[in-house]
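Throughout, read-outs are computed from the coordinates displayed, never taken from laboratory work. These figures come from a predicted structure and were not determined experimentally.
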Amino acid sequence: MTSAGVPAQASGTPGQAPSRGASQEIALLLEEYRTLREEIIHRVAGRMQMIGFAGIISALLVISDKPNFGAPAVYVAVLVLVVALLWLRGINRAIQRIGRHLRTVEERINALAAQGYGSTGPVLTWETTAQDSRMRVRGVPGLVGRSGGWYVRTGS
């Protein structure tokens, strides 16, 4: 790895075993990849819990009083939902930041695998493929997804 964060050229030609340094770098990158995927899983689980708690709290607040717009419980319920949606958006954007980094890790691993092992195709493709499919969503679902932070256009 160079000081600029660019993978160093792996010694070895296709058909030969990669150098020990390239193998260690691939192992470290795979560990980073695994750790980041686990982070996404935990954030998604937290996101689902937040949706559930906000829904339950709002429903309990609304039914605790006669539902009318003069009752403060209705406004507190709406406030809880708004805060939950803003938090949800933040969680979604954090997941997208992790996803962008995962795509760079995929590219580095794929480049090292091509150099060191002579692989002809990409070794890791999950995050890149998932982002490509998200970018194909158009219309209202695409607008809702972008405004909710579920996915962002590259460069934003």
Based solely on C-alpha atoms, express the radius of gyration and the Dmax of region 50-105 in angstrom. 16.2, 54
Out of residues 5 or more away from residue 119 or on other chains, whose amide H comes under 5 Å of its own, with H placed 1.01 Å from N in the peptide plane? 114
Using the Karplus curve 6.51 cos²θ - 1.76 cosθ + 1.60 with θ = phi - 60°, work out ³J(HN,Hα) for each residue of region 101-110 in order, rounded to whole Hz, and write x for Gly and Pro. 5, 4, 5, 5, 5, 4, 4, 5, 5, 4
So for region 84-138, what percent of the C-alpha to C-alpha distances run longer than 18 Å? 47 percent
What shape does region 47-143 take by its C-alpha gyration tensor, where a ≥ b ≥ c are the square roots of the eigenvalues and a/c under 1.5 counts as rounded, a/b above b/c as prolate, and the rest as oblate? prolate
Whole-Hz ³J(HN,Hα) for each residue in region 57-63, computed from phi via Karplus 6.51 cos²θ - 1.76 cosθ + 1.60 with θ = phi - 60°, x for glycine and proline: what do you get? 4, 5, 5, 5, 5, 5, 7
Derived scalar couplings ³J(HN,Hα) [region 75-82; Karplus, 6.51 cos²θ - 1.76 cosθ + 1.60; whole Hz; x for Gly, Pro]: 5, 5, 4, 5, 4, 4, 5, 5
